[in-house]
Amino acid sequence: MKRIVVNAVLLSAIALAGMASGHAADKPEDFAYGTSLSVEGSEPYYQIALPDKVYTQSVWPDLRDVRVFNGQGQNLPFAWLPSSTLAVAEKNISLRVYKMNRAASASGSPGEVSLRSGSGLEVTLRAEEGQTTQRAWLLETGGKTQNPPDINQIRLEWDRLSDNWQTSVDVLSSNDLKSWYSVAEAVPLMDLKSGSDRLLLNALDVEGAQKYWLILARDPRAVPKLNIVAAQAVVHMRPPAGDMLALSPRVQAISAAEAHYFWAQPQPLNAVRITPAVSNSVLPLEIEYRSSASDSWHPLAKQVAYAVRGYQPVPLALNGEVIQGIRLKGIHQQWGDDVPEVTGLREKRTLAFNAQGNPPFLLAWGNNAATPQALSHTLLLPPSMPDISALPLAYVGDAVTLGGEARLTATDPAQRASLLNKILLWGVLLLGVAGLVVLMLRVWREFKRQG
């Protein structure tokens, strides 16, 4: 009897495993949500820029659970079109640095203030510009070119001091040392130590093709020993960038100097933008991230966030890192109830599909059990199609609910088969143990009767 039961269980396990190993074709109801697609004409290929809701409702960061169906419910071949975002190349140019000191105005006019270097270079400013200046440095683009480069950033180097310090500066520019134009105001500079780490803010984001740049420290608390010894101009060679989607997370304030930010689904972020909630404020931050809700926190960067009039900070680049949460901690700073604002930036995607069958077509997404099915665009599209950006457009229509939220946690057939096999294996083991127990009891009774 025992042998019959065990054999039956094993045969059942084999049969069920074989049934689960088959993979049926995807159907629209296998996905949580969808939207209708309308097309014009009867072209073999169309392209569609994904609606924003796909990025937040898709289960998988790589969008493997996105599909296109025709009017008969058939799964259509599709491919992701290549991204237009490329890395930003940099060109660094050394600048000459002149320390400037207050001097008597050459004209004697009370409406002017003069700054003079040790080598004799002199700059004359209007009284309202120069009167409150405590310290100043003149930066000059090297070379005799009549066309200075279009500079995007100036990076400063200074003699390192033993104490932590921070200050702010104004930046002016000129081509002739006579006419000066304001470029940025109250730009923060700092050099902070926290244990063995150093938080350095020495970059001035500027825009312009000017020969001279003047840095003015107006704060009377400016570090008296600060000595700028070198400077570099940074020129960004930027290719056309892809369109970015701004994703706002849910915020949880932990303390006056710590806050957590969460997205409903992990997102492959190209960058994250952090802005203090209070204008004209500067926040040195320790930034950490995690890739999933069950992941631990990992260090990302130590960076300064600031909200300064006329100054546009560059978002922190992440290069597609999968992030579910961000944790901010103030370094020697608190923000109280005014929690910094965090925005994730993710590149938008466009897919091309082969319009087989009859419309209406359907874009579907949201399936935890989905596997990657996108083709390479070089396989989907023939080599004779050189300009893939010229593919005709498909247009987004009404949103529909397909399989609903249950599909967001669905398991695929392989997972179900694996779970079933585990259950059946444990059942077989338990039956074997029960059989051994029965056998031992019989032996013990027989031994007792003979004794």
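The values are calculated or read from the model by the stated rules, or taken from the named source; none is laboratory data. Because the structure is predicted, anything quoted here is derived from the model rather than measured. Quick reminder, even Gly has a Cβ in these numbers, built from the backbone with ideal geometry, and neighbours come from all protein chains shown.
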Inset, instruction - Could you identify the single residue in Leu328, Leu300, Leu351 that is of a type outside the set (Phe, Trp, Tyr), under 30 Å from Tyr46 (Cβ atoms) and part of a strand (DSSP E or B)? - result: Leu351
Inset, instruction - Only residues in segment 218-235 that are at pLDDT 75 or above count as the first member; pair them with residues that are assigned to a loop (DSSP other than H, G, I, E, B) and among the aliphatic types (A, V, I, L, M), Cβ under 7 angstrom, at least 6 apart or cross-chain, and list the lot. - result: Lys225/Leu161
Inset, instruction - Could you please find all residues in segment 190-210 being outside any strand (DSSP E or B) and free of Cβ contacts under 8 Å to residues at least 24 places away in the same chain? - result: Gly195, Ser196
Inset, instruction - For Gly403, indicate whether it is modelled with pLDDT of 75 or more, surrounded by 11 or more Cβ atoms within 10 Å (Cβ to Cβ) and in a loop (DSSP other than H, G, I, E, B). - result: yes
Legend entry - Residue satisfying condition, being at pLDDT below 95, among the aliphatic types (A, V, I, L, M), within 18 Å of the chain's Cα centre (by Cα) and over 27 Å from Pro188 (Cα atoms), within set Ala301, Ala293: Ala293
Legend entry - Flag if Leu375 is within 22 Å of the chain's Cα centre (by Cα) and either within 28 Å of Trp263 (Cα to Cα) or surrounded by 14 or more Cβ atoms within 10 Å (Cβ to Cβ) (or both): no
Legend entry - Considering residues of segment 349-372 that are surrounded by fewer than 16 Cβ atoms within 10 Å (Cβ to Cβ) and out of contact with any His (no Cβ under 9 Å at 6 or more places or on another chain) only, the residue nearest to Ser291 (Cα to Cα): Pro372
Legend entry - Meets criteria (free of Cβ contacts under 8 Å to residues at least 12 places away in the same chain and among the small types (Gly, Ala, Ser)) for Ser168: no
Inset, instruction - Look through segment 383-396, keep the residues that are modelled with pLDDT of 90 or more and not hydrophobic (A, V, I, L, M, F, W, C), and return whichever of them is surrounded by the most Cβ atoms within 10 Å (Cβ to Cβ). - result: Pro392
Inset, instruction - Quick one: count up the residues across segment 92-125 that are surrounded by fewer than 17 Cβ atoms within 10 Å (Cβ to Cβ), at pLDDT 85 or above and of a type in the set (A, V, I, L, M, F, W, C). - result: 2
Legend entry - Residues of segment 240-272 that turn out to be buried (at least 16 other Cβ atoms within 10 Å of the Cβ) and more than 29 Å from Leu408 (Cα to Cα), as a count: 2
Legend entry - Complete set of residues in segment 160-190 that are more than 27 Å from Ala307 (Cα to Cα) and either among the acidic types (Asp, Glu) or crowded, with 19+ Cβ neighbours inside 10 Å (or both): Asp176
Inset, instruction - Please work out if Pro315 is on the phi < 0 side of the Ramachandran plot and modelled with pLDDT of 90 or more. - result: no
Legend entry - Per-region count, segment 297-341, residues more than 10 Å from Ile274 (Cα to Cα), small (Gly, Ala, Ser) and without any contact (Cβ under 8 Å) to a residue 60 or more places away in the chain: 3
Legend entry - Among (1) over 21 Å from Val206 (Cα atoms); (2) in contact with a His (Cβ under 8 Å, 6 or more places away or on another chain), the one test that Pro284 misses: (1)
